[in-house]
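Structure first, then comments.
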């Protein structure tokens, strides 16, 4: 049995399936990369590369999310199995997911670690720093010292 390109009342089409699993793989990869990044020190080779890759993947996920929303609007949803209350609960959970999707990138950006005050770039776009520069308790690359005062 072949998978249709578009959704049918019986099943999702290949486009919806590929969008779903591509986004799932990218989001898992971004999560793992984010966990890896928090332990990098300033002199690690991936200290500058990993955040750029993470932001670029985030832009790709945002574009795929918009494409997925558009595909969903233009295609019928398959009939969900289960009783009426299960279909209702599933539909509400899906709506909550779609409503919260745009807020996740902005929440991640606002909780990002300090960037040292400079703006960052990703996929040709410029982003302002997440927080003002902070040197207390950190090594300052310019001076070789941390920003705390000696008493």
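The values are calculated or read from the model by the stated rules, or taken from the named source; none is laboratory data. Owing to the predicted nature of the structure, the values given are computational and were not obtained by experimental measurement. So basically every Cβ, Gly included, is an ideal-geometry build from the backbone, and we count neighbours across all protein chains shown.
Please work out if residue 98 is touching a strand residue (DSSP E or B) at 6+ places or on another chain (Cβ under 7 Å) and either over 29 Å from residue 3 (Cβ atoms) or surrounded by 10 or more Cβ atoms within 10 Å (Cβ to Cβ) (or both). Show your work before the answer.
Details: touching a strand residue (DSSP E or B) at 6+ places or on another chain (Cβ under 7 Å): no; either over 29 Å from residue 3 (Cβ atoms) or surrounded by 10 or more Cβ atoms within 10 Å (Cβ to Cβ) (or both): yes.
Judged against the criteria, residue 98 is not a match.
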(1) under 19 Å from residue 101 (Cβ atoms); (2) in contact (Cβ under 8 Å) with a residue 24 or more places away in the chain; (3) loosely packed, with under 10 Cβ neighbours inside 10 Å all hold for residue 10 apart from (1)
The condition from (1) closer than 26 Å to residue 98 by Cβ; (2) in contact (Cβ under 8 Å) with a residue 24 or more places away in the chain that residue 35 misses is numbered (2)
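Which of the residues that make up region 7-21 are in contact with a helix residue (DSSP H, G or I) (Cβ under 7 Å, 6 or more places away or on another chain) and either part of a loop (DSSP other than H, G, I, E, B) or within 18 Å of residue 79 (Cα to Cα) (or both)?
Applying the first criterion (in contact with a helix residue (DSSP H, G or I) (Cβ under 7 Å, 6 or more places away or on another chain)) to region 7-21 yields 7, 15-16, 19.
The answer is 7, 15, 16.
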Going by the conditions given, is residue 39 at pLDDT below 90 and either in contact with a strand residue (DSSP E or B) (Cβ under 8 Å, 6 or more places away or on another chain) or not in a helix (DSSP H, G or I) (or both)? yes
Quick check on my filter: what residues within region 40-95 are more than 13 Å from the chain's Cα centre (by Cα), surrounded by 12 or more Cβ atoms within 10 Å (Cβ to Cβ), under 26 Å from residue 29 (Cβ atoms) and in contact (Cβ under 8 Å) with a residue 24 or more places away in the chain? 67, 68, 69, 71, 72
List the number of the failed condition for residue 24; all other conditions in (1) without any contact (Cβ under 8 Å) to a residue 12 or more places away in the chain; (2) within 26 Å of the chain's Cα centre (by Cα); (3) over 23 Å from residue 101 (Cα atoms) hold. (3)
